Each structure stands twice: as C-alpha cells, then as structure tokens.
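Have a look at the structure below before the remarks.
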Amino acid sequence: MSITRFLTGITTTGTPHLGNFVGSIRPSVAASLRPGVQSFYFLADYHALIKCEDPVRIQRSTLEIAASWLAAGLDPEKVTFYRQSDIPEIPELTWLLTCVTGKGLLNRAHAYKASVDKNHEAGRESDDGVTAGLFMYPVLMAADILMFKAHKVPVGRDQVQHIEMARDMGASFNHLYGEHFVLPEAVIDDHVATLPGLDGRKMSKSYDNTIPLFSSRALLQKLIGGIVTDSRAPGEPKEVEGSALFQIYQAFATPEETAALRQQYADGIAWGEAKQVLLERVDQVIAPMRAQYEALINDPARIEQTLLAGAERARQIATPFIRELRSAVGLRSLVQASSAKAAKATKTALPSFKQYREKDGKFYFKFVDANGRLLLQSTGFDAPKEAGQAIAQLQRSPDALQALGARLAPVEGVTPTDVSAALQVLADAAAA
Ligand code: TRP
C-alpha cells in the first residue's frame, strides 16, 4: 500500500474561532490519525503578509494558531507541523514556478479578479491597492504544495481554483524539465458543517460574528447569550430550521443529543434555556483543550521548538528536492555535466539503504538520509537474504516499519515520521 500525502496551510492572521475548529481543525486532526496517510500541516505566514501588515499580529496569530492545533490534539510526532517561513526552499521554488507560469493564468485568479472588480465599481484604476504579493499568491501556494509532493489538499471551496492552478504550474514545469512534481488534488469535505455565527450568517472573521475557540467560559456564556433567535416566547414550539443555536449545538453534540434538543424545540424550550444547553455542551468539548491551550500559549518557547523540529523534518525533503529542481532548470555547478550525468548526481542525493556484515557474523542494514544521517539501524540477521527481504518490505511501504518492529534498533532523535518521510522520498524517486 502506498501512502497518501495530505498537506494543508493555515494563514496566520486572526484568532481561531469555533467555525475554524468545526470546519478545519477537528476534521484535520482526525484525518491525520488515519492509517495510510502522511500529513503536512503548516502555518502559512508568508501568505499572511499579503493580508496583514501588523508584525505583532502576525507573530501573535502564529502562536495562537499553533497552540490551538496542538491543544486540539495534533500530534507533531505523527504530522509534519511547521512554519512556512522556516523553509527557505519554498520562496526559492516560488521563483522557479513564477518563471513557468503565464501571467494570464494569474490574471484569472478569483481573489485578484475580485479586487479588480471592486476597483472598477468604485471607478478606480484596475490594480489600485493591489500588491504584487496578492497577484502572486497562487504561485506561493503552488510552491507549498508541490514542494512536498502532496497528493491531496484539504481546502474550503474558495481555494479549489488555487489547487487547479498548482496543477497547471506543476504540469508546465514537468513538461519543460521532466517529471519532478506530483500533481495535487483538492479534497473538499462536504460533510463538514459550516458553522453559523452569532448573527446567523456563516461564522467568519470578516463578518465579525465569531466565537473565539478558546474564550473563557464567562466570555463563551456572554457570546452565546448574543446569538440571534426569533421572538417566540417560552412554551411556544420553535423551529430548528435556520436556528443558528441549533446548528452550533449539532456540531458539538452526538446525534442522540441533537435529537433530544430537536424534541425540546418542538416542546417549546425557552431560548434562555436552550442557550444554557448549548453553553454546557460546547464547554464540555472545549474545557479540556482550553487548559492545554493556556499551558501552551504561556510557553512560546515550547511551541517554537516544536515548529523548528517540524521544519527540520520538512527540510529533509525540501533541501534535496530543491537541489534536484535547481539542477533540472540549469542552476548547477559549471563543472557538472548536463542532463544524463546530472540526473545521476541528483540520485546520489537520495536516502539509501546500506547492507553489511559485522564481526559477529550477522548481516545488518542501515538506512540513511540524503545527508548521511542515520535513520534506521537493523539488528543482526542470520542470512543476507533476510536483511534484503526486510529492505524490500520497507521499500514497498513504510507500513513495514511496524511489522519489522523488533528487527530495528532504535536510533536516538529519529521519529517514525522521519523514517517514513525518507522512505517516501525514495519511493517517489523510484516511481519518477
Ligand atoms: N490559501 C489558503 C487559505 O487561505 C492557505 C494556504 C496557503 C494553503 N498555502 C496553502 C492551503 C497550501 C492549502 C495548501 O485557506
């Protein structure tokens, strides 16, 4: 079985709210725990610069979003969790892609077109107030995705065009320079609820109708108290259809609990009481995470360390890959021979298995990354064939890591994710 690689970015502007939790954080954390997937989640802080020019807010939001994801159960040992700006290979790839991207393709991007339309409506020049950053947004996003050979990119509907553009850019590059990129697909989960906000419209920062995910219980109570309802009196039957209160409840409750509230609506529950029911249910979900969040937010050094460790792991993929790409476009040593030999040179920069025999007469293998760092060390096998079979198993699928368990001696500072990422690099190279 081959591994499916998921990747998604979270722009670091603003504070996560209940809508982000239900629509993105919760399903992503759950997805990252499924077998057979490898997940890359990152804080898109270069993207944030396009929308936000307040350095304090960028930093604070990065901290809050990282703390929120970790508090919600994201396991940085399982998921490669990093900050975009810690990966210098991403802006480097952005430039390589910029040079194979038609300007016309970018002209058609929805977000850019919306800005132009707005200017036209207001009688201003087309590009008034539009930065080159906004225009280039899709290229940076394509670099995020193509760098890690993501197969699937979970996003909201508004981002689907960006994934299609990433495919276009990857395909152009592949066409010009050979098959280097995996072409990604958008994944839109239609089962995931969009949460209504305080005023009944979709919960969104731009409508100023949000409930922050980690509000104190007191604030949560106050905000829930402000959710719009109709004017039906206690005792009058209420409609669940179109009730923001009911929909938020549904996103946090079990189907049985939801059915019970539906019945209470029909029986004429008072709005005040319904709000109390909602408060208790939401708080039941949030309270344990809130404690975790508080601990994390008060220890930025710990989060910083987690992100740097994630970046290091991400760069184990990005560094050799950008080297390969630079070489492919001709940014390479003057003494390096062209094409055929160059291909060989990049091959030597892959993770590799090494088999050997020790003085104890047994047969061993180790697995090292592109820079020669030890990732796996086997215990001794009686026959070289057995060692070879174990290697073949690992080459077929990183799942073999578990099956082989006892045959592998632990290597300090190396996580299973490091190993499976390197195995995937090898598999991708073999498939190319
Ligand atoms: N543009 C995305 C958003 O606003 C964030 C993002 C940046 C992203 N890079 C990405 C999402 C790469 C998926 C993959 O939601």
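The Cα-based radius of gyration and maximum Cα-Cα distance (Dmax) for segment 10-144 are 17.0, 54 Å. Largest mean-square fluctuation among 163, 227, 211, in a Gaussian network model of the chain whose springs join Cα atoms under 10 Å apart, belongs to 227.
Rolling a 1.4 Å probe over the heavy atoms of the protein chains gives segment 214-297 an accessible area of 49 Å² per residue. The C-alpha radius of gyration of segment 349-431, expressed as a fraction of 2.2 N^0.38 Å, stands at 1.02. The Cα atoms of segment 214-297 give a gyration tensor whose axes a ≥ b ≥ c have a/c of 1.5 or more with a/b greater than b/c, which makes the shape prolate. A crude spin-label estimate for the pair residue 354 and residue 292, with each label 7 Å from Cα along the Cβ direction, gives 4.0 nm.
Mean separation of Cα pairs under 8 Å and 6 or more residues apart, divided by the residue count, gives segment 214-297 a relative contact order of 39 percent.
Other residues lying with their Cβ under 14 Å from the Cβ of residue 56 contribute a combined charge of -2, Lys and Arg counting +1, Asp and Glu -1. Taking the Cα centre of segment 125-229 as origin and assigning +1 to Lys and Arg Cβ atoms and -1 to Asp and Glu Cβ atoms, the resulting dipole is close to 640 debye.
Is the shape of the chain rounded, prolate or oblate, going by the alpha carbon gyration tensor and its root eigenvalues a ≥ b ≥ c, with a/c under 1.5 for rounded and a/b larger than b/c for prolate? Provide the component values of the computation, followed by the final result.
Values: a/c = 2.52, a/b = 1.50, b/c = 1.68.
Judged from the Cα gyration tensor, the chain comes out oblate (a/c at least 1.5, b/c at or above a/b).
Length gained on full extension, residue 177 to residue 157, computed as 0.36 nm times the residue gap minus the Cα-Cα distance: 4.1 nm. Measuring r between the beta carbons of residue 392 and residue 336 and using R0 = 41 Å, the FRET efficiency lands at 0.80. Taking the C-alpha atoms only, the angle from helix 416-431 to the longest principal axis of the chain is near 60 degrees. Find the centroid of the Cα atoms in segment 130-206 and in segment 29-74, then give the distance between the two in whole Å. Comparing the Cα centres of segment 130-206 and segment 29-74, I get a distance of 15 Å. Full extension of the segment from residue 302 to residue 374, taken as 0.36 nm per residue of separation minus the current Cα-Cα distance, would add 23.3 nm.
Students often check this: by mean Cβ neighbours within 10 Å, which of 124-136, 165-177, 142-154 ranks highest, and how do the rest follow?
Highest mean packing first, the order is 142-154, 165-177, 124-136.
Any chance you could run the full-extension gain for residue 125 through residue 411? It's 0.36 nm times the residue separation minus the Cα-Cα distance, nm to one decimal.
The span from residue 125 to residue 411 would gain 96.9 nm if fully extended.
Would you mind telling me which residue in 264, 395, 250 has the biggest mean-square fluctuation in a Gaussian network model of the chain, where springs connect alpha carbons within a distance under 10 angstrom? In this elastic network of the chain, the residue with the biggest mean-square fluctuation among 264, 395, 250 is 264. Put the Cα centre of segment 115-129 next to the Cα centre of segment 229-249 and the gap is 42 Å.
Taking packing as the residue-averaged number of other Cβ atoms within 10 angstrom, the listed peptides 13-20, 48-55 run from highest to lowest as 13-20, 48-55.
Take the residue pairs 205/238; 149/202; 152/205; 149/366; 222/275 and return only those whose Cα atoms are more than 22 Å apart. Numbers along the way, then the final one.
Numbers: 205/238 29 Å; 149/202 33 Å; 152/205 26 Å; 149/366 25 Å; 222/275 10 Å.
Checking Cα-Cα distances, 205/238; 149/202; 152/205; 149/366 exceed 22 Å.
In summary, the aspartates and glutamates within cross-link reach of residue 354, defined as a Cα separation below 17 angstrom excluding same-chain residues under 8 places away, comprise 369, 382, 386.
Using a 1.4 Å probe over the heavy atoms of the protein chains, calculate the carbon and sulfur portion of the accessible area of the chain as a whole percent. The partial results should precede the final answer.
Numbers: 11220 of 21180 Å².
Reported share for carbon and sulfur atoms: 53 percent.
Give the separation of the Cα centroids, segment 261-292 to segment 345-395, in Å. Result: 56 Å between the Cα centres. Rounded to the nearest 10 degrees, the angle from helix 132-147 to the longest Cα principal axis of the chain is 60 degrees. When the chain is treated as a GNM, springs tying every alpha-carbon pair under 10 Å, which of 64, 121, 239 comes out with the largest mean-square fluctuation? In this elastic network of the chain, the residue with the biggest mean-square fluctuation among 64, 121, 239 is 121.
To the nearest 20 Debye, how big is the dipole of segment 349-431 about its Cα centre, given +1 on the beta carbon of each Lys and Arg and -1 on that of each Asp and Glu? List each step's numbers first, then the result.
Values: 9 positive and 9 negative charges, 52 e Å.
Dipole magnitude for segment 349-431 comes out near 240 debye.
For segment 349-431, the relative contact order is 28 percent, taking Cα pairs closer than 8 Å that sit 6 or more residues apart in sequence and dividing their mean separation by the residue count.
Between residue 92 and residue 218, the FRET efficiency from the beta-carbon distance, with R0 = 41 Å, is close to 0.30.
When only Cα pairs below 8 angstrom with a gap of at least 6 residues are kept, the chain shows a relative contact order of 16 percent. Axis of helix 384-396 versus longest Cα principal axis of the chain: the two differ by about 40°, to the nearest ten degrees.
The values are calculated or read from the model by the stated rules, or taken from the named source; none is laboratory data. Values in this document were obtained by computation on a predicted structure and should not be read as measured data. Every residue, glycine among them, receives a Cβ derived from its backbone with ideal geometry; neighbour counts consider all protein chains shown. Note: areas computed on protein heavy atoms with side chains; ligands, DNA, RNA excluded. Shrake-Rupley method; radii C 1.70, N 1.55, O 1.52, S 1.80 Å.
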